[in-house]
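Have a look at the structure below before the remarks.
Derivation of every value follows stated rules applied to the coordinates shown; laboratory data play no part. Because the structure is a prediction, the values reported are computed rather than measured. Cβ placement follows ideal geometry from the backbone for every residue including glycine, while neighbour counts extend to all protein chains displayed.
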Amino acid sequence: MAEQNQSGSQQGGQGGADAGAIPPNAQTKFESTKTHVRAAADDLRSAATTIAEDYRGRAEDAWEQARDRVRTFQEDGEEYIRGNPTKAVFTALGIGFVLGLIFRR
């Protein structure tokens with residue numbers, strides 16, 4: 001059956017013994033294209049790495065800034081509470097009372 005398929009494809013297609021042979025020009029073009037695709041993939045990998053490193057640096061900077069802001073906010077809060085302890089206690093009691101009313105319902 002395999003012999004029938006081979007003879008049928010040779011007769012119906014290009015016919016002759018060279019029906020399955022790859023022309024040398026096609027092989028050269030294939031190798032050239034393969035080289036270009038590999039170079040393009042390497043360029044893409046390099047660009048993606050550069051972009052990822054850039055975003056990583058930006059994320060680290062944003063993280064540091066956020067930590068500094070939180071630290072400053074905490075220090076300012078502690079300083080305010082130490083300077084105004086009575087006001088801070090009554091403010092906390094008021095906020096707790098309001099939250100208690102809200103969550104009771």
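Annotations for the structure displayed:
- Residue within segment 65-77 that is of a type in the set (Gly, Ala, Ser) and surrounded by fewer than 10 Cβ atoms within 10 Å (Cβ to Cβ) present: no
- The combined condition, being basic (Lys, Arg), assigned to a helix (DSSP H, G or I), out of contact with any Cys (no Cβ under 9 Å at 6 or more places or on another chain) and surrounded by 10 or more Cβ atoms within 10 Å (Cβ to Cβ), is not fulfilled by residue 82.
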